[in-house]
Number of protein chains: 2
Amino acid sequence: MNPGKSEEILTAAIRLFQEKGYHATSMQDIADAVGLQKGSLYHHISSKEELLAWIVARALARYVEELQGIVESRRPARERLKEAVQNHIRIIAENLGMLTIFLRESAALTAEQREAEEEGGRRYRQLFERLIVEGVASGDFRPVDPKMAALSIIGACNWTYRWYDPAGALSHGEISELVWDYFYKGLIKH
Amino acid sequence: MNPGKSEEILTAAIRLFQEKGYHATSMQDIADAVGLQKGSLYHHISSKEELLAWIVARALARYVEELQGIVESRRPARERLKEAVQNHIRIIAENLGMLTIFLRESAALTAEQREAEEEGGRRYRQLFERLIVEGVASGDFRPVDPKMAALSIIGACNWTYRWYDPAGALSHGEISELVWDYFYKGLIKH
């Protein structure tokens, strides 16, 4: 197959899924968008579900890879966790279309595809947990449950896909500064 | 119309949407589940979208009403905000089916229905903001951006719908204690 064409199909599918919704988009719509006959589209991709699985796998691979680089850099855990939050919100803000599909449509995946997604999500969360464990060990953080703290932070970051507005008053960089500030310092008055 | 039957239809729809997914559930499935002919079902409800809108409206009304009661109680803002977090996570945990549909399928609503949903979401968030503003004024909390802090807290709470496990090691009460602890005290070591 032609990798350039596959990439074009993926890009068109992400745009259509975002504009019309995953369920309302047909293989015919995707074929039209890339100038292929529907029959020829099936040389590249077997089903809409496969396209969705590609999108999800690509989003997760990018998340995990970028986070891995941050976790392995030689800096205090506090700085790395802050950067992990910034990175997470930046990826969502810069890929709202793909991430909206990823965060909303995973219920449409097959069991096998969903298992791969859950495994990717677990690896991602475990990198956050590692930063928290290292930060507790180094004295950057007070002792907390790493899994629960990771889930809380990831949840607050993920939810930006529902309310982040590229035309809004705050940039994604400013938003992630604030989200980090609340998690790091808390609301408590010292 | 018969309110008991409407309630039965709503309950069956929530269960089917949860089990099969919103898009894979047909009006025929819903008719079968409540022992009606499909034609009779249409005496109660005009479309699957209308059922979804009902579910979303009901979820939001419950959220707003319960939160309103908490906000208006005469206690320190710190206690009320903690209770707001507990209440939010409890509602999700006890209504995973309805809330999963609400949080995942709102893209399938009509523009008018979605506007009503957004208005309800805004009212809900503004009640959180009010607690934060009152807590800053009373000295319970340090000065923070009320909207951004509210969105962060609500995001962390909402995300529990993806990972809360009724058979898991922690009850929803224990989970909300931890989520509140991270937001109130932060990760910082004092």
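The values are calculated or read from the model by the stated rules, or taken from the named source; none is laboratory data. Only a predicted model underlies this, so the values are computations on that prediction, with no experimental measurement involved. Note that each Cβ is placed from the backbone with ideal geometry, even for glycine, and that neighbours are counted across all protein chains shown. Heads up: the accessible areas ignore ligands, DNA and RNA and are worked out on the full protein's heavy atoms, side chains in. Shrake-Rupley method; radii C 1.70, N 1.55, O 1.52, S 1.80 Å.
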#### Entry: Residues whose placed amide H lies under 5 Å from that of B:F141, excluding near-sequence neighbours
B:V136
### Summary
Note: B:131-141 gets an average of partner chain Cβ contacts (10 Å, Cβ to Cβ) equal to 1
### Message
Along the charge dipole of the range B:48-185, pointing to its positive end and built from +1/-1 on Cβ of Lys, Arg, Asp and Glu, which listed residue (B:N95, B:G121, B:I70) has its Cα farthest out?
### Response
B:I70
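Suppose every Lys and Arg Cβ carries +1 and every Asp and Glu Cβ carries -1, with no other charges. What dipole size does the range B:1-46 come out with about its Cα centre, to the nearest 20 debye?
That gives the range B:1-46 a dipole magnitude of about 60 debye.
How long are the three semi-axes of the equivalent ellipsoid for the range B:37-106, computed from the Cα gyration tensor as the root of 5 times each eigenvalue, in whole Å, largest first?
Square roots of five times the eigenvalues give 33, 12, 8 Å.
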### Message
Please list, short to long, the whole-number percent of alpha-carbon pairs of chain A in consecutive 10 angstrom bins beginning at zero.
### Response
8, 32, 30, 19, 8, 2, 0
#### Entry: Helix-only mean residue ellipticity at 222 nm for chain B, each DSSP H run of n ≥ 4 adding -39500 (n - 2.57), per residue, nearest 500
-24500 deg cm²/dmol
#### Entry: Separation between Cα centres of the range A:29-69 and the range B:22-99, rounded to whole Å
33 Å
### Task
With a Förster radius of 22 Å, plug the Cβ-Cβ distance of A:E50 and A:E7 into 1/(1 + (r/R0)^6) and report the FRET value to the nearest 0.05.
0.90
### Summary
SASA check, B:M148, accessible area w/ 1.4 Å probe, all protein chains in place, rounded to nearest 10 Å², comes out at 10 Å²
#### Entry: R0 of 25 Å, Cβ-Cβ distance B:D32-B:L96: FRET efficiency to nearest 0.05
0.60
### Query
How big is the protein assembly as shown by Rg and Dmax over its Cα atoms, in Å?
22.0, 67
### Summary
Taking the axis of the rotation relating chain B to chain A, the B residue whose Cβ comes closest, together with that distance in whole Å, is B:G186, 1
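About the Cα centre of chain B, what is the dipole size in debye to 20, counting +1 per Lys and Arg Cβ and -1 per Asp and Glu Cβ, all else neutral? Kindly include the intermediate steps, with their values, before the conclusion.
Working: 24 positive and 27 negative charges, 93 e Å.
So the magnitude is around 440 debye.
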### Query
Using a label point 7 angstrom from Cα along Cα-to-C-beta, what distances in nm, from shortest up, separate B:R62 from the other copies?
3.6
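Within a Cβ distance under 13 Å of A:I154, other residues only, what is the Lys/Arg minus Asp/Glu net charge?
Details: positive: A:R122, A:R123, A:R125, A:K147, B:R162; negative: A:E129.
Surrounding charge for A:I154 is +4.
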### Task
Multiply the residue separation of B:E72 and B:A169 by 0.36 nm, subtract the distance between their alpha-carbon atoms, and state the gained length in nm to one decimal.
31.6 nm
### Message
Percent of Cα-Cα pairs more than 12 Å apart in the range A:1-46, please.
### Response
55 percent
### Task
Over the whole of B:171-184, what's the average partner chain Cβ count within 10 Å per residue? Rounded to a whole number, please.
4
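Can you compute the charge dipole magnitude of the protein assembly as shown about its Cα centre, using +1 on each Lys and Arg Cβ and -1 on each Asp and Glu Cβ, nothing else charged? Give it in debye, rounded to the nearest 20. Display every interim value, and only then the final one.
Working: 48 positive and 54 negative charges, 173 e Å.
So the magnitude is around 840 debye.
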